[in-house]
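Comments concern the structure below.
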Amino acid sequence: MKIININKNLYLLLCGQLISQIGDKFYALALAYWVLQTTNSPSMMGLVLFSSMAPAIVAGFLSAGIIDLYSRKTLLVSTDIIRGLVVTAVAASYYIGVLNLYIIIVAEVILSICSAFFDPTVQAVIPQIVNKEELTEANAKSQFLGGIALVAGPLLGGICAAWWGYGFVFSFNALSFFIASILASMLAIKPVLREAHFKKKIKENIFDSFIYVFYKRSIISIVSVVAILHFFVGSVQVIMPVFAITLKGNGAQNLGYIESFYGIGVILTGFLLSLISINNKERKFMYGGICFIGLIYMAFGILSNSGIHDIFPYFFIFFLMSSAVVGISTCYRAILQKNVENEMAGGVFGIIGSVANFTYPLAMLIFGVLLDWFQYGQLLIFCGILIIILGLVLLRLNRQSTVASV
């Protein structure tokens, strides 16, 4: 099976990601419940969530000027160590009884900044350890393991928090980062030839990264795909809790079922894409996936408007939705890794990460307001039509740019 036939470097990188991602899910779940139990305030929970996302938007743009100037291996190891130390401080504060909201917010800000450097670095490293024709499969394996963390992390985290308490969960997450840093230190990464970059200042490299992104029409197209994808995925995250309480049964339990099927779609699609070859077909799958998500949104809206309140038909909807998201994410990463010069890859992925980090919470804010004015079924149908139109426009623009380049 191809999923077993991976090189040592990719194995180390993916194992480190899996361990730290499961630890993150543990931490996020325990932290949410700790904040709610301690403050009894959903607004405080929102403040913590904001602290975990907003800094990454700004830091992502800054990372564009740093990742390509320094050792990527050092960045991976150091960001994991910093995150491990930060969560260790949170765990220690909990055990000695001084943990408070201020410590949590500071910790979330630091963790968010570290993620803004770590995530683009991982995407820039993959082309250095994987052959070009294997990039799509490597990204699919990463998505597959991410799906496992998505499903297993909250489930196991909830059990551990109930049995052994918040301190154990915080400590586990800290340990996961230290283990990931050890695995990252064992990577053998080919050096990137970037002698000219060493003469640049960080500000100049940030400027060059932006010029590089906006000068290339093909990359702007990918940025548009990322913005559309994360915006509408963010909208679903707002709609899902509202939708879950309209179904038969317990709303919280329904939401858990829905998120589980969403995660299962991530796992199975990542697994499938790691076995089959779509090499050189990524653009077709990516734009087709955007249109497919639009159709799923329309089907979701029509079903909900038809008065169907049994949860089972919607399992298939969320399974297909997550499958499309994984397919699109796998394809756009592989396209960038194949076509962006590796000495510029860190900057490009840093900018794209900031776009994703901005559009996702923006969608939550906008759709939170829209749900006060419109039924979610109407919004879903409208969004579905809009997504299909955007997908077709991007596909047409891509064909025009391809013809022009020929």
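The values are calculated or read from the model by the stated rules, or taken from the named source; none is laboratory data. All values reported here derive from a predicted model rather than from experimental measurement. All Cβ positions, glycine included, derive from the backbone under ideal geometry; neighbour counts span all protein chains shown. We work out accessible area using only protein heavy atoms, side chains counted, and drop any ligands, DNA or RNA first. Shrake-Rupley method; radii C 1.70, N 1.55, O 1.52, S 1.80 Å.
In this structure, is Tyr33 surrounded by 20 or more Cβ atoms within 10 Å (Cβ to Cβ) and in a helix (DSSP H, G or I)? Taking the combined requirement at face value, the residue does not satisfy it. Residue selection: Ser304 satisfies the criterion of being among the small types (Gly, Ala, Ser) and over 22 Å from the mean Cα position of the chain (by Cα).
Hey, does region 65-83 have a residue that's modelled with pLDDT of 80 or more, assigned to a helix (DSSP H, G or I), touching a Leu at 6+ places or on another chain (Cβ under 8 Å) and hydroxyl-bearing (Ser, Thr, Tyr)? No, region 65-83 contains no residue that is modelled with pLDDT of 80 or more, assigned to a helix (DSSP H, G or I), touching a Leu at 6+ places or on another chain (Cβ under 8 Å) and hydroxyl-bearing (Ser, Thr, Tyr).
Candidates Ser260, Ser322: the one that is closer than 28 Å to Gly158 by Cβ and surrounded by 19 or more Cβ atoms within 10 Å (Cβ to Cβ) is Ser322. A single entry from Thr88, Thr136 fulfils the requirement of being open to solvent by less than 10 Å² (accessible area, probe 1.4 Å) and in a helix (DSSP H, G or I): Thr136. Among the residues making up region 121-131, a single one is outside any helix (DSSP H, G or I) and either surrounded by 20 or more Cβ atoms within 10 Å (Cβ to Cβ) or within 21 Å of the chain's Cα centre (by Cα) (or both): Val130. Filtering region 311-342 to residues that are in a helix (DSSP H, G or I) and of a type in the set (A, V, I, L, M) leaves Ile317, Leu320, Met321, Ala324, Val325, Val326, Ile328, Ala334, Ile335, Leu336.
In the condition set (1) open to solvent by 50 Å² or more (accessible area, probe 1.4 Å); (2) modelled with pLDDT under 85, Phe172 is compliant with all but (2).
Flag set for Ser93, criterion: without any contact (Cβ under 8 Å) to a residue 12 or more places away in the chain, in contact with a helix residue (DSSP H, G or I) (Cβ under 6 Å, 6 or more places away or on another chain) and either assigned to a helix (DSSP H, G or I) or surrounded by fewer than 17 Cβ atoms within 10 Å (Cβ to Cβ) (or both). Only one entry in Thr269, Thr359 is open to solvent by 10 Å² or more (accessible area, probe 1.4 Å) and more than 28 Å from Ile57 (Cα to Cα), namely Thr269.
Of the numbered criteria (1) within 20 Å of the chain's Cα centre (by Cα); (2) without any contact (Cβ under 8 Å) to a residue 40 or more places away in the chain, the one Val109 fails is (2).
Residue-wise test of (1) surrounded by 19 or more Cβ atoms within 10 Å (Cβ to Cβ); (2) out of contact with any Ser or Thr (no Cβ under 9 Å at 6 or more places or on another chain).
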residue: Val348; (1), (2): yes, no
residue: Ile352; (1), (2): yes, yes
residue: Leu380; (1), (2): yes, no
residue: Leu392; (1), (2): no, yes
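Does region 101-120 contain any residue that is touching a Lys or Arg at 6+ places or on another chain (Cβ under 7 Å), assigned to a helix (DSSP H, G or I) and open to solvent by less than 30 Å² (accessible area, probe 1.4 Å)? Within region 101-120, one or more residues are touching a Lys or Arg at 6+ places or on another chain (Cβ under 7 Å), assigned to a helix (DSSP H, G or I) and open to solvent by less than 30 Å² (accessible area, probe 1.4 Å). Which pairs do you get when a residue that is of a type in the set (Gly, Ala, Ser), found in region 127-155, comes within reach of a residue that is not in a helix (DSSP H, G or I), reach meaning Cβ atoms under 7 angstrom, with the pair 6+ apart or on two chains? Note: pairs meeting the criteria are Ala138/Val130.
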